[in-house]
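Trainee: Before I ask anything, here is the structure I am working with.
Nothing in this text is a laboratory measurement; each read-out follows from the coordinates by a stated rule. Since the structure is predicted, the reported quantities are computational estimates derived from the model, not experimental observations. Note that we place each Cβ from the backbone using ideal geometry, even for glycine, and neighbour counts take in every protein chain shown.
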């Protein structure tokens, strides 16, 4: 018979993070650059907790938001977005972050699928809201994240965020409920078909934040001045808005200004020592630093995710600016952390080239994440640094399914999630991605569906067959190359095809180039052999990229 431990049963509540920050780190700052006027806003965690309690009262009393209702955000990284993270989940509702970079039609689909009751948005996105509002069937309230002086710039009937909370009391008592209750919702476009919703719980969110706080992961601590350039609409800004108040780190929110000069200004003014974002951000910052002669001497470490860390970028920041570059890997379905690259003690004393070789791996498993590598038949492969196979993961902050029952094929019968990546593991637990199981193209941290792009191209009257493959790009990691077999008698007209695609696919998806071939390689099952196409175009280089790189 089991001897049960005599420990209290205390549910893990996201509201508890902010209560702790108020009690123990009340004067530690959150600094934001505001989207409406680019001014700087600053206050402490105690102030944030007060306003968040006002928000909780407003959500429940004014907007009539109830437990499990979805409240969506279309917003930059700011203190108001931070308040919404905690206020919505704190009352038992679900904060649903929406990526504004998606096509408006896709955003409408996501809002309708999520059955959102309210949408909170920054002024930047007013034109988007004005275009989609009438198509959002379940949205009852639109909230402009600014004060009432900016309402005149929005056509859609809405309430100003500051008006919403201004007359509310700050005496809200956070409810305690099942820690497995839904707290956050984020959609991932994945590969093909409609986007899929990943539904995070209070428990998973807190465990992920605690794991990220470990020294060999992000290492969030009370002395940290942390700047998440990764958007709060992208996998909860990698959990940083939860880990910072949990540990008393200063949280610096960049708002919409993510260019080199803007980031340098904020890094310098706030003495940022840790930054997180995708490689394209750092390529832009690097270009600015080199051109201006400025430095970022306060920064100790940069976490790179979303796509692979280019070697040239790693060497540039580390060798020229003394900034440690740290690569991580994960997915929306993983909250997102799966691996983070931190060298081991035994790596001290390695040559620079040996050290760089290790740093270019995707990193070591974070405690809490289990991983297996399997072959095509599902047999588990050894962690020998060479046996490459399909990556499966499981753990307490990894999705067990998708919202409203989508995507069952992404999960195995024995409880693992198929990541869609192909990789090998070495004996130290370092992961190296070698390929992708499906032919998605990852550009600047965003996914492009090759199949959807191909189907769109097939709509052009001159295209008989089309294939999209991801080709290396010095800035975007990958960009789509469209390979076309024309219909008999049709003439090669690259610009005509690109112009057609600009009207039917998101701007990000439009290929950088079109190449024509006489006959597509077809396999025995009638599918285009993309392995053959990649071999045919292995030496291809996009026009205008000669000499580019960090």
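Trainee: Find the centroid of the Cα atoms in segment 1-31 and in segment 323-374, then give the distance between the two in whole Å.
Mentor: When both Cα centres are located, 29 Å separates them.
Trainee: For the chain, calculate the relative contact order in percent as a whole number, restricting contacts to Cα pairs under 8 Å that are 6 or more residues apart. Please list the in-between numbers first.
Mentor: Working: 1146 pairs, mean separation 57.8, N = 550.
Once divided by the residue count of the chain, the mean separation gives 11 percent.
Trainee: Between residue 360 and residue 422, what FRET efficiency follows from the Cβ-Cβ distance if R0 is 22 Å, with the result rounded to 0.05?
Mentor: Details: r = 17 Å, r/R0 = 0.76.
Between residue 360 and residue 422 the formula returns 0.85.
Trainee: From Cα pairs below 8 angstrom and at least 6 apart in sequence, can you work out the relative contact order of segment 441-536, rounded to a whole percent? Display every interim value, and only then the final one.
Mentor: Working: 147 pairs, mean separation 24.7, N = 96.
With pairs under 8 Å counted, the relative contact order is 26 percent.
Trainee: Summing -39500 (n - 2.57) over the DSSP H runs of n ≥ 4 in the chain and dividing by its residue number, what mean residue ellipticity at 222 nm do you reach, to the nearest 500 deg cm²/dmol? It would help to have the intermediate numbers written out before the result.
Mentor: On the way: 15 runs with 146 residues, N = 550.
The per-residue figure over the chain is -7500 deg cm²/dmol.
Trainee: Another one. Classify segment 441-536 from the C-alpha gyration tensor, please: rounded if a/c falls under 1.5, else prolate or oblate depending on whether a/b exceeds b/c.
Mentor: It is oblate, given that a/c is not under 1.5 and a/b is not larger than b/c.
Trainee: Next question, about the same structure. Pairs of Cα atoms under 8 Å, at least six residues apart: use those to get the relative contact order of segment 113-195, whole percent. Please report the intermediate quantities before stating the final value.
Mentor: Details: 81 pairs, mean separation 19.2, N = 83.
Over segment 113-195, the number comes to 23 percent.
Trainee: Provide the FRET efficiency to the nearest 0.05 for the residue 9-residue 297 pair, computing r from the beta carbons and using R0 = 45 Å.
Mentor: Details: r = 48 Å, r/R0 = 1.06.
So the FRET efficiency works out to roughly 0.40.
Trainee: Please work out how much length the chain gains when fully extended from residue 163 to residue 406, using 0.36 nm per residue of separation minus the C-alpha to C-alpha distance, in nm with one decimal. Numbers along the way, then the final one.
Mentor: Details: separation 243, 0.36 × 243 = 87.48 nm, distance 3.81 nm.
So the chain would gain 83.7 nm between residue 163 and residue 406.
Trainee: How far apart, in nm, are two points set 7 Å out from the Cα along the Cα-to-Cβ line at residue 375 and at residue 43?
Mentor: 6.0 nm
Trainee: Let me ask another. Between residue 124 and residue 20, how many nm apart are label points set 7 Å from Cα along the C-beta direction?
Mentor: Roughly 3.0 nm, to one decimal.
Trainee: Is segment 14-242 rounded, prolate or oblate when judged by the Cα gyration tensor, a ≥ b ≥ c being the square roots of its eigenvalues, rounded requiring a/c under 1.5 and prolate requiring a/b larger than b/c?
Mentor: Numbers: a/c = 1.41, a/b = 1.21, b/c = 1.17.
Taking the square roots of the gyration eigenvalues as a ≥ b ≥ c, segment 14-242 is rounded.
Trainee: Suppose we take every Cα in segment 310-380 and form the convex hull; what volume per residue is that in Å³? Working shown, then result.
Mentor: Values: hull volume 10.1 nm³, N = 71.
With only Cα atoms used, segment 310-380 gives 143 Å³ per residue.
Trainee: Contour minus end-to-end for residue 315 and residue 259, with contour as 0.36 nm per residue of separation and end-to-end as the Cα-Cα distance?
Mentor: Values: separation 56, 0.36 × 56 = 20.16 nm, distance 2.10 nm.
Full extension from residue 315 to residue 259 adds 18.1 nm.
Trainee: Residue 458 to residue 153: extension gain in nm, 0.36 nm per residue of separation minus the Cα-Cα distance? Write down the numbers at each step before the final one.
Mentor: Working: separation 305, 0.36 × 305 = 109.80 nm, distance 4.03 nm.
Result: 105.8 nm gained on full extension.
Trainee: If you find the alpha carbon centre of segment 122-184 and of segment 260-275, how far apart are they in angstrom?
Mentor: 29 Å
Trainee: Taking neighbour Cβ counts within 10 Å as the exposure measure, how do 41, 25 sort from fewest upward? Write out the running numbers ahead of the final one.
Mentor: Values: 41 14, 25 20.
Ascending number of Cβ neighbours within 10 Å: 41, 25.
Trainee: While we're here: How tilted is helix 104-114 with respect to the longest principal axis of the chain? Cα atoms for both, answer in degrees (0 to 90, nearest 10).
Mentor: Between helix and principal axis, roughly 50 degrees.
Trainee: Rounding to the nearest 10 and keeping the result within 0 to 90°, find how far the Cα-based axis of helix 79-90 lies from the longest principal axis of the chain.
Mentor: Once rounded, the angle reads 80 degrees.
Trainee: Which percent, nearest 5, of DSSP beta bridges in the chain are antiparallel?
Mentor: Working: 48 of 86 bridges.
Among the beta bridges of the chain, antiparallel pairing accounts for roughly 55 percent.
Trainee: OK, next. Among 376, 122, which comes first, then next, by fewest other beta-carbon atoms within 10 Å? Present the calculation step by step, with values, prior to reporting the outcome.
Mentor: Details: 376 8, 122 25.
Neighbour counts put them in this order, fewest first: 376, 122.
Trainee: Could you please state, rounded to a whole Å, how far the C-alpha centre of segment 36-71 is from the C-alpha centre of segment 198-235?
Mentor: What the calculation gives is 20 Å, centre to centre.
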